[in-house]
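Structure record follows, encoded as structure tokens.
The values are calculated or read from the model by the stated rules, or taken from the named source; none is laboratory data. All values reported here derive from a predicted model rather than from experimental measurement. Because the Cβ atoms are built from the backbone with ideal geometry, glycine has one as well, and the counts that use them run over all protein chains shown. Protein only, heavy atoms only, side chains kept; ligands, DNA and RNA dropped before computing areas. Shrake-Rupley method; radii C 1.70, N 1.55, O 1.52, S 1.80 Å.
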Amino acid sequence: MPVPYRRTVFNAFMKNELLLAMLETVAGDDVDLEPARKAFEETRGDFRAKFTAAVRARLAQSAVPEVFIDLPEHPELLRKSDLEALVRPAADGFLRSHPSKEELLKQVVTIRRRQERRPTWIPRVDRDGKPMTSAAVRPPEDEREPDRPLPIAALSELGAVTIMLPAAEQERPELAMVSGGIGAWESALFTFLGLADGAPATTITIDATANESLIPDDVRWWSPEPVQPVPAAQDPGVASELLATSPTLGGLPVIDNSPERYEVVVDALAAVGDWRHSPRWTLETWDPGDNSATLALAHAAIAGWADEQRSGVVVFVYGGAMYTSEGLVGVPSPLHSYVLVATRSADGTDTVDTVHRVNLTCPGENWCHRGGCPDHDVPELAALLMPAVTIGHVAEAAGDSTHGRWADSYHRLYGDGEGPDYADRVLEHLTSTLARHGWAELTDSTWEGRLEQTLLRRGEHCLTAAYDPVTRQIQLIDGKAELELTLDMLADDGVLTNYDGQDTVDTSEEATERWGAELLTAATELLAGRINELPQLAAPIQVTVLGLHPHADGILRGPEAPALVEHQLEALLLTTGVLTAPE
């Protein structure tokens, strides 16, 4: 009995020694963790994805370059001497001095399998010891297509920011966001405040000096030395404080000192869709008044909102702090807590109509960047904002959970990961709404780059609706030109024929089965001159579908998304007048 007992202790000791050695290698005191930190923060996805990226980056620093060779498709055709010269620099294990050809062919199989299974972060060199560039490494087949940068300057008070569109094709057919429109605002706000690619369970450290630099020099009595400011695009704390205190945003005056702001904010909060939360922000600073250290923690939450008439975007920043002298407090001082509501114009465009703000808490006139904020007293706000706070706690817990399914579920429903298998689509809701008012769908198609399009008809008019899931733009245009294009397809298929100068549409059972009775009837009506242009769409109408993740795939993921989109689409269709049947 003592022998197996001693063997068990010995095995446990060796295993633990190995684990401790691994820990020292990965995160020892003398280890440079900057590449790992950068990989963790820049990787999109849940905690598992970020942690894996960080570990890979750290291991890549210690990994030893491996020799990679080009292997022929038919190595058996090589002479034995050439085969040996090929495989010996990358031989697996021991290869004797005079191997047989069979041994060399086995080496080829082993090397090929090893090279195919090696991850791209393992450094590699060629047979002459020269490093191989990343271009020589075949990326994994499931690697996500690289994003496409798009500079946005809609919020000039914060400066320009570069957002990342979830598609790289430079020449894809695209419905571009309107410059300065509310769609550009929503994308910029997600990026400024850290929601674009950060999960709620991750942490962003706010630059205390950058935050302090926003305070006017004549007020900052405790620090006579000039402080170097940091662009808002580089620090969400700076961006948030500018949103909380700037008298204008996007060139529009911010309404924050009139009674109407409460009504607008309450109405918007009562009509919000799915809240999405930023990573937690942490700010370590000190209070110059009593010289006490301060730890502030805050989150930003963003949601689209829409009722029967209007729509827009809501930003809510909240948090708390701890003072070494006073303990815990329910405000994120020296950061502001506030609600910002941007309302879209009701004219069927993406124009930002008004901006309202309610500052819930202010760090005080000696720290506030504008010398203090207006007071508020609206009890309804607390009840309307509480769900956003509690949801934020759950979102953070999902990312911190040791069970990956919670983080995966959150990322699938609220993030930009792979979406649900059977999610609703924007155009499906549009065609359903139009169908209730007499519009029949003739064709639907998806173009290269995932641009979706559908053609509908009601009486003598046609309508073309397109949706770009990358930019979240929906466009309505007169559909007569699109119906005319279908005549070419019908002609190519032999359904449209010309006899003695007279075009005729085949409406046989076979043709109807392929093209549909509605389309063939519409084509016949077009040829007879009974399809007219839709006066309500003399000029194209295009708006952003708000409340979706700007970096996702444009489908309706969150539980509130379908209702939110329905409100926006119905308001758009009512504004354009296409729901009203002609007299």
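When the criteria are applied in full, residue 17 fails the requirement of being modelled with pLDDT of 80 or more and either open to solvent by 90 Å² or more (accessible area, probe 1.4 Å) or part of a helix (DSSP H, G or I) (or both).
Considering only residues that are among the charged types (D, E, K, R) and at pLDDT below 85, look in region 80-89 and name the one that is farthest from the chain's Cα centre (by Cα). Walk me through it before giving the result.
So the first thing to find is which residues in region 80-89 are among the charged types (D, E, K, R), and the list is 80, 82, 84, 88.
In the following step, the residues that additionally are at pLDDT below 85 were identified as 80, 82.
Details: 80: 54, 82: 52 Å.
Looking at residues that are among the charged types (D, E, K, R) and at pLDDT below 85, I get 80.
Number of residues in region 296-317 that are within 11 Å of residue 340 (Cβ to Cβ) and either free of Cβ contacts under 8 Å to residues at least 60 places away in the same chain or in the same structural domain as residue 570 (by the TED database) (or both): the value is 1. Exactly one residue among 161, 137 is at pLDDT 70 or above and outside the structural domain of residue 54 (by the TED database), and that residue is 161. Note on region 465-583: enclosed helices (runs of 4 or more DSSP H) holding 1 or more residues that are free of Cβ contacts under 8 Å to residues at least 40 places away in the same chain, within 30 Å of residue 276 (Cβ to Cβ) and open to solvent by 60 Å² or more (accessible area, probe 1.4 Å) are 561-576.
Residues considered: 370, 412. Of these, the only one that is over 30 Å from residue 451 (Cα atoms) and either under 27 Å from the mean Cα position of the chain (by Cα) or part of a loop (DSSP other than H, G, I, E, B) (or both) is 370.
Only a single item in (1) more than 26 Å from residue 575 (Cβ to Cβ); (2) open to solvent by less than 30 Å² (accessible area, probe 1.4 Å) is not met by residue 265, and it is number (1). So which of 290, 350 ends up being assigned by the TED database to the domain that holds residue 259, part of a loop (DSSP other than H, G, I, E, B) and modelled with pLDDT under 90? None of the others qualify; the one that does is 290.
Applying the selection to region 172-213, what residues are hydrophobic (A, V, I, L, M, F, W, C), more than 24 Å from residue 398 (Cα to Cα) and surrounded by fewer than 21 Cβ atoms within 10 Å (Cβ to Cβ)?
Residues of region 172-213 hydrophobic (A, V, I, L, M, F, W, C): 175-178, 182, 184-185, 188-190, 192-193, 195-196, 199, 201, 204, 206, 208, 210.
Add one more test, that the residue is more than 24 Å from residue 398 (Cα to Cα), and what stays is 175-178, 182, 184-185, 188, 208, 210.
Within region 172-213, 175, 176, 178, 208, 210 qualify.
Within region 78-118, the residues that satisfy the criterion of being outside any helix (DSSP H, G or I) and open to solvent by 80 Å² or more (accessible area, probe 1.4 Å) are 79, 94, 96, 97, 98, 118. Note on region 268-287: residues that are open to solvent by 70 Å² or more (accessible area, probe 1.4 Å), modelled with pLDDT of 90 or more and of a type outside the set (A, V, I, L, M) total 1.
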